[in-house]
Amino acid sequence: MAQYDVHKNTGKHRDEIPYVVIVQSSLYDSYRRRVVVPLVRKSVLGKVSNSRFNPSFKIEKVQVVLHPLEIVSVPIEQLGEYVDSLGQEGHRIMDSLDELLTQSWR
């Protein structure tokens, strides 16, 4: 498991949120949990007003939107199957988290 790996969501909202992306640094791989951000179906969210805060991606032909306000820590055993990596898009994911955590005062 690596930062920006995308896994299937095994939770009860998996129809609306088919995937989660790991945002946790590999420095904490020894812990039994991973910090993830949901990837929500774009069709569920509708119009995105701030693409920096809610960047969109295509995973397994599904258009999804990063939803950083729903960030959560989950036990490793609850992560579903690995499906993709957003490593090439890591800067967009970090920009989103930066918007959430440090730029909200603007």
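Some observations on this one:
- Screening the stretch 18-91 for strands (runs of 3 or more DSSP E) wholly inside it with 3 or more residues that are hydroxyl-bearing (S, T, Y) and at pLDDT 95 or above returns no ranges.
- Of all residues in the stretch 65-106 being free of Cβ contacts under 8 Å to residues at least 60 places away in the same chain and hydroxyl-bearing (S, T, Y), the one that is nearest to E16 (Cα to Cα): S73
- Failed condition for S96, given (1) crowded, with 17+ Cβ neighbours inside 10 Å; (2) assigned to a loop (DSSP other than H, G, I, E, B); (3) among the hydroxyl-bearing types (S, T, Y): (2)
- Qualifying residue in the stretch 35-54 (condition: crowded, with 16+ Cβ neighbours inside 10 Å, touching a helix residue (DSSP H, G or I) at 6+ places or on another chain (Cβ under 6 Å), closer than 16 Å to D5 by Cα and touching a residue at least 12 places away in the same chain (Cβ under 8 Å)): yes
The values are calculated or read from the model by the stated rules, or taken from the named source; none is laboratory data. Everything numeric in this text was worked out from a predicted model, so none of it was measured. Positions of Cβ are backbone-derived with ideal geometry, glycine not excepted, and every protein chain shown enters the neighbour counts.
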